[in-house]
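Written out below as structure tokens is the structure these notes cover.
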Amino acid sequence: MKNLMNLKFENKKLLLLGGASHHRKVVKTAQEMGVYVLCTDYTIDSPAKKIADESLMIDVKDIESLTDLCMREQVDGVLNVYLDPCQRPHQQICETLNYPCYGDHYQFSIMTDKRNFKKFCIQNGVDVIPEYDYDAMDNDYSNIEFPVIVKPADGRGARGQTICNDIDEIRKAVPFAKEHSTGGVLIEKYMGRENDLMISYLVVDNEPYLIRVTDRYLGKPEDSLERVAIAAVTPSRFTKFYLDNVNRNVKKMIKNLGIQNGPVFMQGFVDGNTVRFYDPGLRLPGSEFEVSYKKIFGIDFVEMLIEFALTGSILGNLGGSADHIYLDGHFVLSLYPAVRAGIIHKITGLDAIKTMENLVSFSQYYYEGDEVFRTNDTRQRFCAIDLIAPSWNELKASIELIQTTLKVLDKDGNNLIYGNF
């Protein structure tokens, strides 16, 4: 099978936008398929660029240069799988060169802008988090019921977000949100830290297939991590609830948007008998879940998306995917240990974690000698650890092992790891 795949894609070239660690498996999968991979962003040491066949120092937003590159190098397709900043450039390059893409300009404008997304949800009978009309407020916040969260309309990774409990905090939060936005500011009801869901679909020939319902666990307010996921567990404890109460309307909304092929990602909070959505994307969420899914079922979503980028078609048997939502009794964990501000002097426990039998992936973001700054967003993560557990008890045992083993020490021997799950 692999030889046939290699022959099918022999001499094909793929431009991958963004070299972050999540894109490493895209590079590896494409190379296994026989594809030559070019990877670009503006960072010298991006993890995916290190293993690509060719790495480039072109900003993903430099559409003209990347379009010229594709024509000059006879690239066959362009792809982004996981990264927010690469979504619109992906669409713009594909439109210019008539390459296969997940959507058109309108569809990406809905699925990359929180404000447009919420309007579309409301039009399609899908619930969203209540919002105050910032543009109509004219700096008058007297009618706001606290707490609220102020955030960029097109932000990512919890950057530019502030939870506010009074008007003075809003006045400070708005300029901060604008620093991280090109699409304006949102002021929403703060839904708390509980019942945060991550939902993924793969659309094939205009049919959305639900492939993932995940619980996101946010950090504690006392650690200033209440906007950041420190862990994610699939399947969600709300999976049946979602299937029974929400899935049908969301699938209908995706069809109404007209997406033909590609991934759809959404986040929302369970609230009573509904889910209130707040964040979208025409991408997969950044984790190693697809590797776990492949290990359990032999279905490779990354391979499907690479094939689509090169051929315009998504092949593969997703007809039984509804039966796969519960992962055949398995649990998939993504754990994101957070690290305090400081200079890392010594790291211990990594060997024990990397040799865990149920480990799927380990991605490290900081190393000995690195200085960590306090940002209170996803940049506070020391690493990402993904594993599969055959039972809930074994999942808990794995978490305990990791959290008692991993130490990130400063020069005084203080452990910088904090906010454990």
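The values are calculated or read from the model by the stated rules, or taken from the named source; none is laboratory data. All values derive from a computational prediction rather than experimental measurement. Quick reminder, even Gly has a Cβ in these numbers, built from the backbone with ideal geometry, and neighbours come from all protein chains shown.
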From the residues in the range 173-197 that are modelled with pLDDT under 85 and of a type in the set (S, T, N, Q), which one is nearest to I129 (Cα to Cα)?
-> S181
Determine whether N11 is at positive phi, at pLDDT below 95 and not aromatic (F, W, Y).
-> yes
The one condition R248 fails out of (1) in contact (Cβ under 8 Å) with a residue 60 or more places away in the chain; (2) over 20 Å from the mean Cα position of the chain (by Cα) is (1)
Strands (runs of 3 or more DSSP E) contained in the range 297-378 and holding at least 2 residues modelled with pLDDT under 95 | 359-364
Which listed residue, of L83, L38, is crowded, with 20+ Cβ neighbours inside 10 Å and out of contact with any Asp or Glu (no Cβ under 8 Å at 6 or more places or on another chain) | L83
Given (1) under 30 Å from T67 (Cβ atoms); (2) within 21 Å of the chain's Cα centre (by Cα), T162 misses just (1)
Could you please find all residues in the range 353-380 being closer than 19 Å to T404 by Cβ and surrounded by 13 or more Cβ atoms within 10 Å (Cβ to Cβ)?
-> I353, M356, N358, L359, F362, Q364
Could you list, in sequence order, the residues of the range 87-114 that are part of a helix (DSSP H, G or I) and out of contact with any helix residue (DSSP H, G or I) (no Cβ under 9 Å at 6 or more places or on another chain)?
-> K114
Condition set within 24 Å of K396 (Cα to Cα) and not in a strand (DSSP E or B), scope the range 201-223, selection modelled with the lowest pLDDT: answer is P221
All but one of (1) buried (at least 20 other Cβ atoms within 10 Å of the Cβ); (2) in contact with a strand residue (DSSP E or B) (Cβ under 6 Å, 6 or more places away or on another chain) hold for V185; which doesn't?
-> (2)
Listed by first then second residue, the pairs whose first member lies in the range 40-63 and is assigned by TED's automatic domain parsing to the domain that holds K28 and more than 19 Å from Q91 (Cβ to Cβ), whose partner is surrounded by fewer than 19 Cβ atoms within 10 Å (Cβ to Cβ) and of a type in the set (K, R), with beta carbons under 8 Å and at least 6 positions apart or on separate chains, are I51/K28
Do we have any residue at all in the range 139-160 that's loosely packed, with under 13 Cβ neighbours inside 10 Å, of a type outside the set (V, I, T), modelled with pLDDT under 90 and assigned to a helix (DSSP H, G or I)?
-> no
Return a yes/no flag: does the range 11-32 have any residue that is assigned to a strand (DSSP E or B) and more than 22 Å from the chain's Cα centre (by Cα).
-> yes
When R237 is run through (1) in a loop (DSSP other than H, G, I, E, B); (2) crowded, with 18+ Cβ neighbours inside 10 Å, the failure sits at (2)
If you check K50, K61, K28, which single one turns out to be closer than 22 Å to Y366 by Cα, at pLDDT 95 or above and not hydroxyl-bearing (S, T, Y)?
-> K50
Test V78 against the criterion of being on the phi < 0 side of the Ramachandran plot, not assigned by TED's automatic domain parsing to the domain that holds P280 and not in a strand (DSSP E or B), and give yes or no.
-> no
What's the number of the condition R88 fails, among (1) closer than 22 Å to L202 by Cβ; (2) in contact with a strand residue (DSSP E or B) (Cβ under 7 Å, 6 or more places away or on another chain)?
-> (2)
Has the range 157-165 got any residue that is among the small types (G, A, S), under 30 Å from G77 (Cα atoms) and in contact with a Gly (Cβ under 7 Å, 6 or more places away or on another chain)?
-> no
Just checking, how many residues over the range 195-208 are surrounded by fewer than 20 Cβ atoms within 10 Å (Cβ to Cβ) and touching a residue at least 60 places away in the same chain (Cβ under 8 Å)?
-> 2
Being assigned to a helix (DSSP H, G or I), basic (K, R) and surrounded by fewer than 16 Cβ atoms within 10 Å (Cβ to Cβ) is the filter here, so list the residues in the range 49-74 that pass it.
-> K50, R72
Which one of the conditions (1) in contact (Cβ under 8 Å) with a residue 40 or more places away in the chain; (2) in contact with a Ser or Thr (Cβ under 8 Å, 6 or more places away or on another chain) does C101 fail to meet, given that it meets all the rest?
-> (2)
What's the number of the condition Y365 fails, among (1) touching a Gly at 6+ places or on another chain (Cβ under 6 Å); (2) closer than 30 Å to T162 by Cβ?
-> (1)
Residues that are part of a helix (DSSP H, G or I) and surrounded by 18 or more Cβ atoms within 10 Å (Cβ to Cβ), drawn from the range 242-256 | Y242, N247, V250, M253, I254
